[in-house]
Amino acid sequence: MPVAAVVWAVAWATPITPGTVLTVAGVAALSAVLALAVVVVRRGGVAGPIWVLIACLVAGTAAGLATETRLRAVRAGPLPGLAEQRAVVELQIRVTGYPQAFTARARHGPARLTVAVPVRAERVVGRGRAGRIRSPVLLQSTDPVWQRALPGERYAIGGRLAPARHRGAAAVIWVGHRGPTVDRAPWPQRWAAAVRDDLRAAVSGLPAGPRALLPGLVVGDTSAVEPAATVEFKVAGLTHLTAVSGANVAILLAVVLGLAGRAGLPRRLRPVLGGLAVVGFLLVVGPAPSLLRAALMGAIGLLGLAVGRPARAVPALCAAVVLLVLADPALARSYSFALSTVATAGLIGLAPRWRDALARHMPRPVATAIAVPAAAQVVCAPLIVLLSGNLSVVAIVANLLVAPVVAPAMICGLLAAAAQPCSPDLAALLARPAGACAAWILAVAHRCAALPGATLPWPDGPRGAALLAGLTVIALLLTRRVDPGPTRPRRALIAALALLVGALLVRPPLPVPPVLRPLLWPPAGWQLVACDVGQGDGLVLSVAPGTAVVVDSGPDPGPMDRCLRRLGVHQIPVLVLTHFHSDHVEGLPGVLRGRRVGEIQVSPLDDPPEEAARVTRWAAAAHVPINRARPGEVRAVGELRWRVLWPSELVAGDSPPNNASVVQLAVTPAGVRVLLAGDIEPLAQAVLHRAEPDLQVQVVKVPHHGSAYQDEEFLRSLHARVALVSVGADNDYGHPAARTLDLLRGTGAITLRTDTGGDLAVAVQHGQLRAAARSGSGGGPGRVPASAGTAPAAAHRGRRMTGLP
């Protein structure tokens, strides 16, 4: 175990350490600490601390050298330099991995499907350079035909290079249509592609939900899964079922070895069949990190079975970690690899003890069904909050409910794919029970995610993960003894109290003294919050505790959902979508999930029509009515009032959808005047200024993410004291523009940005208007709120909230 920990830590840290010397020093220090820990734990037992230290030093040095060698290989060659120049080149490439599709946000118009394919560049021609190379490159294209690319295929392509954002690639190349095929893929890859096609054909007659989920559950094809379903699976703690995981390998091995045993096959032949089944499954699914871990552990177990010495779980897991990280150091930074490994460790170390303890009070199968998801959820929770900032409280129940149908769904799906070439009717028949299982999984995810309080708001990032990990360790230490006795209830009570105190520290539900309020989120008396949703808009206007009006939903469901959970919003009388660009509406499933939404108010212009249709479909599924905003319309919810100022007419300009944004003048319960300006551009701003020449507000949501296209007279006339810029970090559009920031600074407004401050709040405390940012540096959520006083927000990071002039 110490060797695996050292290898993982060194491979993770080497890319950020300045050279090999520091890496070796870190290896030595970490190895000494772990060896000392072994001495303390075993008290000089048979472990042989000196040999543990030597093994850690050797393995850690090997990991450092392997990682450094891989990094130098990536940086070698002409591609990194050409990428910095954004050069247009011609490449001959070989596909090295499976394509992945995702949604890219266009500056104007609907979200577009983008395909990312890992490839290896073997020849480059461009900028006067030509020659053979061997550099890993990430290919990206909006041509969906790239989704059919297979590992091993070679193509001749042309495109524009860009610097890679991750260390695993020398560059990114953007291409259009797929170029001519130089070489076909090897026959195993063609066979795997045929199996995936057969599965899609076999399930084509099922309802939409199971038809989309089954390819992901069986072979990892998640391209058809709806974003709303993805959000529900995350909240319910069932994300591992939207794609294949290590559990699929375990299920496959159990079925193959069980059938081989029932058939009376020789013991020496059974591991061979199991190994062939795993290799074939990996070919079909692809080398996902969790599958590689499970497959290597399975191989070690099969080897032990073949030689008559069954492998122990902990050494097998540690050996798999060491071998995989040495072979591919990038796995040390893979969240899926970490989640798979940690979950397996929890199943090995905690699940048997919890099962035995529960079996004293209930049937053993029921105890096993409860202990397994509970152990996995407990050990994975810190990693999950590191990613999402939410702690699912329904995950154990959800996994318990779906556990009986996961294996039948996978096995029936594989059988249906196998039967499709011979008998489509038989394949469709086999797909029906798999579809019924998938429908049950979808229903459980939907019901569990819709439960009030399905997730507990928790700080994301390293702070939240460390807090939860510490509380988890304390709770496990307090309850580590499962023997019955008078101390057991006491330990369980202390552990529960420790977790409760931790939750209260994160988000106290009771009133606290005003002096502590600045340390919490949201701040007391908050009137408006601009959620950090990336490159898009998502604003929340407070009505009453738990109730708010929402304006726009951002480009993704997850960030908007998390922001609303942090604010404790579960009822939304009105949701306003200012216009139909994807960065304002694609997060709608996150707003709808688990909340009561009274109505959705939209722009009078259905442009782009694809996004308008998606909004209509999502609203219909949630049974939420849609109506059009009318200029001059006055609305009120509780003490929150607003008037629709625009669009009183449709103007074209550079972007008709932007200029058709719904613009509102809101007055909060505390009397703060707020202008929510959508994405209107200079032409619409000028027309609105002529129609409302006396319009003045205290807070303005800066139009179009602070782009350079602003009507200066319009912005100056508002005399706003706070300007909120909702913008994504490192966006490709240059938002916010320096010219616009200078203009706002010249008006005397305090300018706050979501890319540098995270969620932004405007509050009224003791009769003063105050502004605060949830994160004071870099926008990373979960840090102590920063404040904005009478100077630009960047100058006030880390201070207490202060009143505005």
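Give the Rg/Rh ratio for the stretch 329-468, taking Rg as the radius of gyration of the Cα atoms and Rh as the Kirkwood radius, to two decimals. Don't skip to the answer; put the middle values down first.
Values: Rg = 18.2 Å, Rh = 17.2 Å.
Using only Cα positions, Rg/Rh for the stretch 329-468 is 1.06.
How charged is the neighbourhood of residue 571? Take every other residue with its Cβ under 10 Å from the Cβ of residue 571, and add Lys/Arg as +1 and Asp/Glu as -1.
Working: positive: 595, 596; negative: none.
Counting the neighbours of residue 571, the net charge comes to +2.
So, by mean Cβ neighbours within 10 angstrom, what's the order for 77-90, 179-192 with the highest one leading? Provide the component values of the computation, followed by the final result.
Values: 77-90: 17.8, 179-192: 14.0.
Highest mean packing first, the order is 77-90, 179-192.
Roughly how many percent of the accessible protein surface of the stretch 163-300 is carbon and sulfur, given a 1.4 Å probe and a whole-percent answer?
Values: 4000 of 6330 Å².
For the stretch 163-300, the apolar C and S fraction of the accessible surface comes to 63 percent.
Rolling a 1.4 angstrom probe over the protein heavy atoms, how many square angstrom per residue are accessible across the stretch 635-787?
Numbers: 5340 Å² over 153 residues.
I get 35 Å² per residue for the stretch 635-787.
Once the other residues with Cβ under 15 Å from the Cβ of residue 210 are scored (Lys, Arg +1; Asp, Glu -1), what is the net sum? Can you show the working numbers first?
Details: positive: 200, 211, 432; negative: 221, 226, 232.
Net of charged neighbours comes to 0.
What's the carbon and sulfur percent of the stretch 311-379's accessible surface, probe 1.4 angstrom, rounded to a whole number?
Numbers: 2160 of 3100 Å².
Using a 1.4 Å probe with all protein chains present, the stretch 311-379 comes out at 70 percent carbon and sulfur.
Round to the nearest 10 and report in Å² the accessible area of residue 328, as given by a 1.4 Å probe over the protein chains' heavy atoms.
Here the accessible area works out near 50 Å².
Please provide three numbers in whole Å: the alpha-carbon extents of the stretch 524-648 along the principal axes, with the largest listed first.
Rounded to whole Å, the extents work out to 40, 33, 28 Å.
Determine, for each peptide in 591-599, 631-639, the mean count of other beta carbons within 10 angstrom over its residues, then list the peptides with the highest first. Kindly include the intermediate steps, with their values, before the conclusion.
Details: 591-599: 19.4, 631-639: 13.2.
Answer by packing, highest mean first, reads 591-599, 631-639.
Within the set of other residues whose C-beta is less than 13 Å from the C-beta of residue 97, count the net charge using Lys and Arg as +1 and Asp and Glu as -1. Don't skip to the answer; put the middle values down first.
Values: positive: 94, 120; negative: 153, 328.
So the surrounding residues net to 0.
With a 1.4 Å probe and all protein chains left in place, how much accessible area per residue does the stretch 128-184 have, in Å²? Mind showing how you got there, number by number?
Working: 3000 Å² over 57 residues.
That works out to 53 Å² for each residue.
The values are calculated or read from the model by the stated rules, or taken from the named source; none is laboratory data. As the structure is a prediction and not an experimental result, all values here were calculated from the model. Glycine gets a Cβ as well: all are built from the backbone with ideal geometry, and neighbour counts include every protein chain shown. We work out accessible area using only protein heavy atoms, side chains counted, and drop any ligands, DNA or RNA first. Shrake-Rupley method; radii C 1.70, N 1.55, O 1.52, S 1.80 Å.
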